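For reference, the structure is listed below as structure tokens.
The values are calculated or read from the model by the stated rules, or taken from the named source; none is laboratory data. Predicted, not measured: the structure shown is a model, and the values here were computed from it. Positions of Cβ are generated from backbone atoms using ideal geometry, with glycine treated the same way; all protein chains shown enter the neighbour counts. Side chains are part of the model used for accessible areas, which takes the heavy atoms of the whole protein and leaves out ligands, DNA and RNA. Shrake-Rupley method; radii C 1.70, N 1.55, O 1.52, S 1.80 Å.
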Amino acid sequence: MGNEESIDYKSADKAPPSLQVPPDLTQLSREDRYQVPAERATTTFSTYNAKQGEQRAEPTSTTVLPTPSADITVQRDGNQRWLVVNRPAEELYPVVREFWQDLGFNIRQERPEAGVMETDWAENRAKLPQDFIRNTIGKVLDSVYSTGELDKFRARLDRAPNGGTEIYITHQGMVETLTGADKTRATWTARPSDPDLEAEFLRRLMVRLGSSIERAKASVDRPQEVAGRAVAKRVTGSGASGSLQLTESFDRAWRSVGLAVDRGGFSVVDRDRSQGTYFVRYADPELGAPKEKGFFSRIFSFGSDNDPKAQPQYRIKLTGSGDATQIVVQNAQGGPENSRAGARILDVLADQLK
């Protein structure tokens, strides 16, 4: 994935003009929403953000110039990689946003208060064959060609335990397949997340933040291993049993579940590490979903028919004990969620955690 020509994304849909400069980001650089609170043990992102309404700093420029790359490292725990940047998230958020837009993506969903942004579906045009016919007429009829694959990405910015910001990038993919006896009906199905794509975008983001190309490549290829007791990861339980058991300490399980939430397509509302809780929205596609809809209306989970704010809210609760962590799903009020949707959420998490 190191070839600069291997990525050339084109959005599958045009974002409305209002998404170009959301009102909640125009003053992002002067907000303290990511500053570590004094009472960190009981503060969520949204609660802390509300308490800071009377403590805004003077306006400053949103432009972040590249700084020496010594403050950027790549860490790894198993097959999970992420960036650790010794800078506040309010500086990094607008830079990460521009990073995706410059690569050809539209931002379809974002929650600055939770440090999360997600792109729309886009096609990597670099995968198209460069044959004689396309080189001759491709510029005129470029829309005729398709790779049969679409990708979208989520970036999540989280406060690092020892200061700075952790940046995670996760991928979701769709592939077009022909079905039916005569193979004439096209359907779109999910394809596995691509760790190589995730690593490539981490490398490119590292360069965007000031690292040299050579150092970024070496850092992604040989990341720093997270110190700590090595325990073989194993997940047991299911939605039917009402909980999952993960053979990881709470710190590692928190990271693993966060990535599972990102890859599983949940909409993140908030998170509270001190309470071990992710606040998410989830719409079970098997419950009440229209049976026949057009392709784009099915896959754009942020369209008018699938507004995340209209989806039910749940809590994913983690409770650690030594080298094991239990995961349960709660309703919006913090009570047990015993519905079919709660079971489905656990099964989605279990699939992503394996």
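What the table shows:
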quantity	calculated
Estimated distance in nm for a label pair at Glu98 and Gln326, the labels positioned 7 Å out from Cα along Cα-to-Cβ	4.8
Per-residue HN-Hα couplings for the range 189-195 [Karplus 6.51, -1.76, 1.60; θ = phi - 60°; Hz; x = Gly/Pro]	10, 5, 10, x, 4, 10, x
Residue-level accessible surface for Trp121, protein heavy atoms, 1.4 Å, Å²	10
Glu149 versus Asp351: modelled label distance in nm, points set 7 Å from Cα along the beta carbon direction	1.9
When each of Lys233/Lys317; Lys317/Lys354; Lys152/Lys317 is checked by Cα-Cα distance, pairs over 24 Å	Lys152/Lys317
Extension gain, Gln224 back to Arg340 (0.36 nm per residue minus Cα-Cα distance, nm)	37.7 nm
Computed label-point distance, nm, for sites Asn79 and Glu176 using a 7 Å Cα→Cβ extension	2.8
